[in-house]
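I have placed the structure first, in the form of C-alpha cells, so that the comments after it can refer back to it.
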Amino acid sequence: MNDTTATSAPGQIGKPPLRGMRDLLRIVIVGHVDHGKSTLVGRIFYDTGSLPEGKYESIKAMSERRGMPFEWAFLMDAMQAERDQGITIDTSQIWFKSERRDYVIIDAPGHKEFLKNMITGASQADAAVLVIDAEEGVKEQSRRHGYLLHLLGVRQVAVVVNKMDLVGWSEKRFREVEAEYRAYLKGIGVEPAHVIPVSAREGANVAARAAEMPWYKGPSIVEALDGFNPVAPSKDLPLRFAVQDVYKFDERRIIAGRIESGTLKIGDRLVFSPSNKMARVNSIEVWPADRAKPSTAGAGQSVGVTLDEQIFVERGDIASHEADAPIETDVFRGRIFWLGKEPLTKGARYKLKLNTFEAPVQVQAIEKVIDTGDLSAATPDRVERNQVAEIVFRARRIIALDPYSDLPRTGRFVLVDKFDIAGGGIISMEGYADQRSLITARSTNITRVEHAVSREERWRRNGHKGGVIWMTGLSGAGKSTLAVALEKRLHDEGFHVYILDGDNVRHGLNANLGFSPEDRSENIRRVGEVAALFARAGVIAISAFISPYRSDRDRARTAAGEDFHEIYVKADLATCETRDPKGLYAKARKGEIADFTGISAPYEEPETPELTVDTAQRSATQCVDDLVAYVKQRFRI
C-alpha cells in the first residue's frame, strides 16, 4: 500500500496526482455488463498500491457484514444503488499510478440502458480497455462498444479477455475469442494494440505476468497501459479558438474561450467564423490578473484576447488563422449514435451543440442505419434508440465546423431534443462543398451601375417578362433534351430565350473548374449570376444543370429574385441509369469517375419547386407541353 489519503467525491476514488510532475493518461474501461470491468479496475488499483489507506479493509469488512464474498468491484461501485443492483450505472473516475505515469481511469457502464454515460466517458479518453468474458465470449455490447470507440476516435485500444480462470486458463478458448473480436475490429478499421488474457479476480496478467498462462508472451495490463501515449492537445494543428463569452472591462472587450488546437500569438490576424470578420490580436489575457501576460497561447489553454478593432464577436464563433480556417456550410453528414427517447426521423429538428456553438438543425436524409453487430447497413425511415446511423443535417444558417478526420476536437457534435442529450457523432463533409469562398465578398470599392432602361420597358418591348427557368435533376433525367425543345418552342412563339447548358459553359466561362464539391458549387454560382443578368435584360434564360446542392440553387434564386423559377426534372436513379446517354453511370459504378451525383456524391431534391416534370412517367413531348404552358402563364404580359 502507498501512503495516499483521499476524501473522494461521489463517483471518484483516490486523490488526483499533482499535475506537471509526470505524464497523465486518461483511460476508459468498457465492456458488456457482468464481464468484469469494475472488478478489473479494483484489482488494478490494489495491485499497483494505489488504494487509499483502509479502503481494502473497509470493503472486506462490509462484505463480511453482509455475508457475501469479497468483491473487488465494490471499490468502484461506490453508489449504494449500484451495490444493490450489481451494475455500474454512472461513469466513475479514479486516479492511480504506475511506476511510469499517473492515470485517470474512467469506468463506464456496460448496461445497454446506460450507454449515454459510456459515451460521455469515452469521449474524454486518450485510450481504452475493452473487457470480454472468456466464457461468454463476444456479445452484442462488446461489438457496440468497439464501434463506439471507433466512432468517438479512440484509437489506442487494448482488449482484455477476462475470467480466464473459468475456462481453465485455456489458450484455445483465448485464441477463439481473440480471433473473433480482431476480425470484427478489423471490419471497422480498428487494430487493437494488445489482446490480453486475464483473470481480474485472481490478479493474473493485471500488474504482473501470470504463471498460469505461460503460453502468453505479451504484456500485462499495466505494462500495456504504460505503452500507450497521452493524446495531448496538439499545438501543430490549425488554430481553433472557441469563443465562450465576451467581457467588457473598462474600455477593453475581452474575448474569452478555449484554444482547442493550434497556437495564437500577439499580432496574429484572426478570422472569426462564420461571420468572417477579421482583426489582429492586441493582447492575451490570463487569470488571475496578476499573472504575467503571455505573448503566445496554445492548445488546451483557456485565455482571453483583445483585438485591435472593435468587431462584433459572439459566443459560438470560432477564431482561426485566415490561411487555415474551418469549413463554412449549412449542410453536413454526421455519423451518429442515437440515444433519444423518441426515434430520429427525417424532417425532425434538433439543437446542434458544437464546442460553444448552438444552432437548430433538421434531418434532411437518413442515408443508412448500421448494425453494429455485423456491420450491415439498411435504409429505414427512422433511427431507433442505441442505433448508429449516417445522417445528412441541414442548418438554418451557415455554421463553421471541421470534418472529424481533420480536427477531432472540432469535428464532434451533440444533438439535443427538447432539453435532453439525444445523440452525438462525428462530422463528415464527404460529397459536400466548403461554402466559405462562395459567401465571402472580396471585391471592394464597387458600386452597381443603374441602367437607363427599366426591366418593365424591356418586358413591354419583348412582350413577356424576363426570368430564369432553372432545370435541376439527375444526369439522364432529360434536362438538356427538354431545354432544347423548350427553347425551340418558345422561340417559335416569339419569346426571347436562350439556353445555358452545363457542358457548354464549361467550354468557356467555367473551363477552369473541375468536379469537386467546391468546383461544382462555384460552377453553379457563376451560372446563377449570368442567368440573373439575362433575366434583367428581359430574356428568358433556361439553365440545364444537375445543380445537386440545395444551397447552390438557393443562391441562384437569391441572384435572380422573383424572376427565378425552379423546375424539378424528376426521374429516379434506376431510370437515369438505363438511359445513361454518355455512359457516365457505368463509369461511375466502376469507380472511374469520382464524385458522380447519385452514385458517389449526393443529390438534394428540391423541397418546393415551382414545377415538377416527371420524365419517368410522362413522355418528352408531354413534359415540354407542361413547360410551355407554365411559361405562357407566368411570363406573358
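The values are calculated or read from the model by the stated rules, or taken from the named source; none is laboratory data. Predicted model only: the values in this text are computed from it and were never measured. Positions of Cβ are backbone-derived with ideal geometry, glycine not excepted, and every protein chain shown enters the neighbour counts.
When V222, V206, V271 are screened for being over 30 Å from F174 (Cβ atoms) and of a type in the set (A, V, I, L, M, F, W, C), only V271 passes. Condition check for R333 on (1) under 17 Å from V243 (Cα atoms); (2) in contact with a Pro (Cβ under 9 Å, 6 or more places away or on another chain); (3) outside any loop (DSSP other than H, G, I, E, B): one failure, at (1).
Can you find a residue that is surrounded by 14 or more Cβ atoms within 10 Å (Cβ to Cβ) and part of a loop (DSSP other than H, G, I, E, B) anywhere in region 477-492? Within region 477-492 (the criterion being surrounded by 14 or more Cβ atoms within 10 Å (Cβ to Cβ) and part of a loop (DSSP other than H, G, I, E, B)), the answer is yes, since at least one residue qualifies.
Among the candidates F495, F515, single out the residue that is under 25 Å from A629 (Cα atoms), in a loop (DSSP other than H, G, I, E, B) and assigned by TED's automatic domain parsing to the domain that holds E610.
None of the other options fit; the residue is F495.
Please determine, by comparing only the residues of region 198-210 that are farther than 17 Å from I132 by Cα and hydrophobic (A, V, I, L, M, F, W, C), which one is surrounded by the most Cβ atoms within 10 Å (Cβ to Cβ). Residue satisfying both the conditions and the ranking: A210. With respect to (1) within 33 Å of the chain's Cα centre (by Cα); (2) farther than 22 Å from I637 by Cβ, the lone exception for W470 is condition (2). The one condition from (1) under 36 Å from the mean Cα position of the chain (by Cα); (2) surrounded by 21 or more Cβ atoms within 10 Å (Cβ to Cβ); (3) not hydrophobic (A, V, I, L, M, F, W, C) that D420 does not meet is (2).
Is it true that G304 is buried (at least 23 other Cβ atoms within 10 Å of the Cβ) and part of a strand (DSSP E or B)? Taking the combined requirement at face value, the residue does not satisfy it. Looking only at residues in region 26-59 that are small (G, A, S) and surrounded by fewer than 23 Cβ atoms within 10 Å (Cβ to Cβ), the one that is modelled with the lowest pLDDT is G54. Applying the condition of being buried (at least 17 other Cβ atoms within 10 Å of the Cβ) and polar (S, T, N, Q) to region 357-373 and asking which residue is farthest from F393 (Cα to Cα) yields T372.
Filtering region 549-568 to residues that are within 21 Å of R397 (Cβ to Cβ) and not aromatic (F, W, Y) leaves R550, S551, D552, R553, D554, R555, A556, R557, T558, A559, G561.
Surrounded by fewer than 18 Cβ atoms within 10 Å (Cβ to Cβ) and out of contact with any strand residue (DSSP E or B) (no Cβ under 8 Å at 6 or more places or on another chain): is that true of H507 in this structure? In short, yes. The lone criterion from (1) closer than 20 Å to P609 by Cβ; (2) surrounded by fewer than 23 Cβ atoms within 10 Å (Cβ to Cβ); (3) modelled with pLDDT of 95 or more left unmet by T472 is number (2). A single entry from E212, E202, E223 fulfils the requirement of being farther than 28 Å from V313 by Cα, assigned to a helix (DSSP H, G or I) and not hydrophobic (A, V, I, L, M, F, W, C): E223.
Candidates A348, A279, A292, A297: the one that is over 19 Å from D406 (Cα atoms) and either surrounded by fewer than 16 Cβ atoms within 10 Å (Cβ to Cβ) or under 16 Å from the mean Cα position of the chain (by Cα) (or both) is A292. Scanning region 279-304 for residues that are under 17 Å from P238 (Cβ atoms) and in contact (Cβ under 8 Å) with a residue 40 or more places away in the chain yields a total of 4. The number of residues in region 612-637 that are within 29 Å of R394 (Cα to Cα), hydrophobic (A, V, I, L, M, F, W, C) and surrounded by 19 or more Cβ atoms within 10 Å (Cβ to Cβ) comes to 1.
Taking region 189-199 on its own, how many of its residues are at pLDDT 90 or above and either touching a Lys or Arg at 6+ places or on another chain (Cβ under 6 Å) or assigned to a loop (DSSP other than H, G, I, E, B) (or both)?
3
Restricting region 417-458 to residues that are more than 28 Å from K353 (Cα to Cα) and in a helix (DSSP H, G or I), the residue that is modelled with the lowest pLDDT is R455.
Results for (1) hydroxyl-bearing (S, T, Y); (2) surrounded by 21 or more Cβ atoms within 10 Å (Cβ to Cβ); (3) touching a strand residue (DSSP E or B) at 6+ places or on another chain (Cβ under 7 Å), shown as yes or no for each residue.
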site: E176; (1), (2), (3): no, no, no
site: I196; (1), (2), (3): no, yes, yes
site: E212; (1), (2), (3): no, no, yes
site: V222; (1), (2), (3): no, no, no
site: L225; (1), (2), (3): no, yes, yes
site: K235; (1), (2), (3): no, no, yes
